[in-house]
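Q: Pasting in a structure now, in structure tokens, and then I'll have a few things to ask.
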2 protein chains.
Amino acid sequence: MAKTLGLRKNPLKDERETAFKRAALRVFSSKGYHKATMQEIALEAGFGKGTLYWYWKSKEELYFALIREMHEEFLRLVGEASKRNGSALDKLTWLGEEIVELYYRDRDFCKLSWKMRAEELETFSPQYVEELYKYIQQTKQELKRIISQGIEEGVFPPFDAYYLSCMLLGLVEGMEIQWLEDSQAFDLRKGMGLALEMLKSFQKLGMNKIV
Amino acid sequence: MAKTLGLRKNPLKDERETAFKRAALRVFSSKGYHKATMQEIALEAGFGKGTLYWYWKSKEELYFALIREMHEEFLRLVGEASKRNGSALDKLTWLGEEIVELYYRDRDFCKLSWKMRAEELETFSPQYVEELYKYIQQTKQELKRIISQGIEEGVFPPFDAYYLSCMLLGLVEGMEIQWLEDSQAFDLRKGMGLALEMLKSFQKLGMNKIV
DNA sequence: AGCTTTAGACCTACCGGTCAGTCTTATATT
DNA sequence: AATATAAGACTGACCGGTAGGTCTAAAGCT
């Protein structure tokens, strides 16, 4: 009875799964969803196509397994930043550095994330789209919390916190795009550094005094 | 060979071309390049598939006809802003309003532009990609010119003008994304207005004094 | 033996692009 | 005006390639 209590029957299963996921990440991020083929992903992982279908039941499911992981990671970062002690500026500095760290650690990860946003949401099944939407909403919510604190502390002007969140997110995403398109011309670390430096100046000037 | 009996030029050619292009814009912008089919575009325009191939020799060529038009329009706007008389703030205000105007006038246009950026450039023929790249470079160049002026006038801190261009572009694109994903939650006109208001405050504060 | 895992041939649907043929219309001729 | 003619405009069946997904036989493990 106690034979396989709570244990995986196949200890290789996890290993295989991550092997497939790594391969999928590489292929999806370089070719995009439509151009990537299941055949190629399977071969990249060193298996046959049939095996890939033994682990995931469709291309879409495999894709969203990656997307989900990514959004969880990002949401975790923003949430952690929000829960930290310290000023909004401290939180944002920490968050900015963590994001840069995350992106440099896995550029494919970042590339896929970016393609996903533009990828035709119309083409995916509703339940996946909805799930994704929830992640984005939550992320914005956490960010908004930090921004609100920042308004009180004079880092941001006293504008609508939601709009400021969108603008800040836009800034980060915009820089991300530049970096992905040509990392020679635009260094994300430097860009993020400049943005944070600007924020520090804003606090010195006291942005909350702005009408 | 007989001279020119029954010679017939097509007075409807322009009309047809624009009909096809409008249809293509609708289909491409809602489904993305890969999911869109030539059949659907042709039917949407009210013709058979073969006719579409009478006007364009491939799907890719049709797609880039749209992309080209779009980039020309955007580049024209930025160039015109740069050549205007007045302060950098004036130029940016004018440009911001024109961009909002352009986007509201044709949301599909905007949607396609956004999808294009993320679309797998690896999948298109090199000559098209190169052409596109030139448009983007030129646009950045013009924008940088305005930013440089802005630094002198105290609208921006004395940072690297190229990086500031990327950040400003990122801001606009980021807001554009928010708006496209949910125009109920995020009003682009309001977002752009807030951004411009912030710029005005920056000038009052004298951003060039920032270390 | 019996269960899990793997492989890749096979099936099927789809889509870009072609082409042989039809319809339409401007112009020349009568 | 009526007719003839040639080229332009248009069509949709068809072809070839491709790729998601299935099936099943073989191999491995307990």
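Q: Mind giving me the nanometre distance, one decimal, between the label points for B:Glu130 and A:Tyr104, set 7 Å out from Cα along Cα→Cβ?
A: Going by the 7 Å Cα→Cβ label model, 3.4 nm.
Q: Nearest 20 debye, what's the magnitude of the dipole of chain A about its Cα centre given +1 on Lys and Arg Cβ and -1 on Asp and Glu Cβ?
A: 580 debye
Q: Something else: How large, in Å, is the stretch B:51-111 by the Kirkwood hydrodynamic radius built from its alpha-carbon pairs?
A: 13.3 Å
Q: Note the distances from A:Gln137 to each other copy's matching label point, with points 7 Å along the Cα-to-beta-carbon direction, in nm, sorted shortest first.
A: Reported distances to equivalent positions: 4.5 nm.
Q: Sort the protein assembly as shown into rounded, prolate or oblate with this rule: let a ≥ b ≥ c be the square roots of the eigenvalues of the Cα gyration tensor; rounded if a/c is under 1.5, and if a/c is not under 1.5, prolate when a/b is larger than b/c, oblate otherwise.
A: Oblate is the answer for the protein assembly as shown, as a/c is 1.5 or above yet b/c matches or exceeds a/b.
Q: Oh, and also: Give, as a single signed number, the net charge of other residues whose beta carbon lies under 14 Å from the beta carbon of A:Glu142, with Lys and Arg counted +1 and Asp and Glu -1.
A: Neighbour charge sum, excluding A:Glu142 itself: +4.
Q: Out of B:Ala65, B:Phe202, B:Thr123, whose Cα points farthest toward the positive end of the dipole of chain B (charges: +1 Lys, Arg; -1 Asp, Glu; placed on Cβ)?
A: B:Ala65
Q: What part of the accessible area of the stretch B:12-57, given as a whole %, is carbon or sulfur when the probe is 1.4 angstrom?
A: 50 percent
Q: Using R₀ = 60 Å, calculate the FRET efficiency as 1/(1 + (r/R₀)^6) where r is the Cβ-Cβ separation of A:Lys13 and B:Asn85; round to 0.05.
A: Efficiency for this residue pair is about 0.30.
Q: Write down the accessible area per residue of the stretch B:12-57 in Å², having rolled a 1.4 Å probe over the full set of protein chains.
A: 56 Å²
Q: Place the label 7 angstrom along Cα→C-beta at B:Gln39 and in each other copy, then list the distances from the first to the rest in nm, shortest first.
A: 2.2
Q: From the C-alpha gyration tensor of the stretch B:12-57, pull out the three semi-axes of the equivalent ellipsoid (sqrt of 5λ each), sorted largest to smallest, in whole Å.
A: Listed largest to smallest, the semi-axes of the stretch B:12-57 are 17, 11, 8 Å.
Q: To the nearest 10 degrees, how steeply does helix A:126-152 sit against the main Cα axis of chain A, on a 0 to 90 scale?
A: Its long axis makes an angle of about 20 degrees.
Q: Moving on to the next point. Nearest 10 degrees is fine. How inclined is helix B:188-205 to the longest principal axis of chain B, computing both from alpha carbons?
A: Once rounded, one gets 30 degrees.
Q: Where does helix B:88-105 land angle-wise versus the long Cα axis of chain B, in degrees 0 to 90, nearest 10?
A: The helix B:88-105 is inclined about 30 degrees to chain B.
Q: Got the A:Leu196 label distances to the other copies yet, label 7 Å along Cα→Cβ, in nm, shortest first?
A: When each copy's label point is compared with this one, the spacings are 3.3 nm.
Q: Taking the stretch B:1-147, how much of its Cα-Cα pair set, in percent, is spaced more than 20 angstrom apart?
A: 57 percent
Q: Something else about it: In terms of Cα to Cα distance under 16 Å, which aspartates and glutamates are near enough to B:Lys200, apart from those fewer than 8 places away along the same chain?
A: Within reach: B:Asp90, B:Glu97, B:Glu152, B:Glu153.
Q: Summarise the partner chain shielding of B:158-170 as one whole number: the mean count of Cβ atoms from other chains within 10 Å of each residue's Cβ.
A: 5
Q: With N set to the residue count of the stretch A:87-167, report its C-alpha Rg divided by 2.2 N^0.38 Å to two decimal places.
A: Scaled against compact globular proteins, the figure is 1.30.
Q: A:Thr37 accessible area, nearest 10 Å², 1.4 Å probe?
A: That residue has around 60 Å² of solvent-accessible surface.
Q: If all Cα-Cα distances of the stretch B:59-209 are sorted into 10 Å bins from 0 onward, what percent lands in each bin, rounded to whole numbers?
A: Answer for the stretch B:59-209: a P(r) of 10, 39, 34, 15, 2, 0 percent.
Q: Is there a quick way to get the dipole size of the protein assembly as shown? I mean about its Cα centre, with the Cβ of Lys and Arg at +1 and of Asp and Glu at -1; what is the value in debye to the nearest 20?
A: Taking the Cα centre of the protein assembly as shown as origin, the dipole is about 660 debye.
The values are calculated or read from the model by the stated rules, or taken from the named source; none is laboratory data. Bear in mind that the values here come from a model prediction, so they are computed numbers and not experimental data. Glycine also receives a Cβ, built like all others from the backbone with ideal geometry; neighbour counts cover every protein chain displayed. Surface accessibility is based on the protein's heavy atoms, side chains included, excluding ligands, DNA and RNA. Shrake-Rupley method; radii C 1.70, N 1.55, O 1.52, S 1.80 Å.
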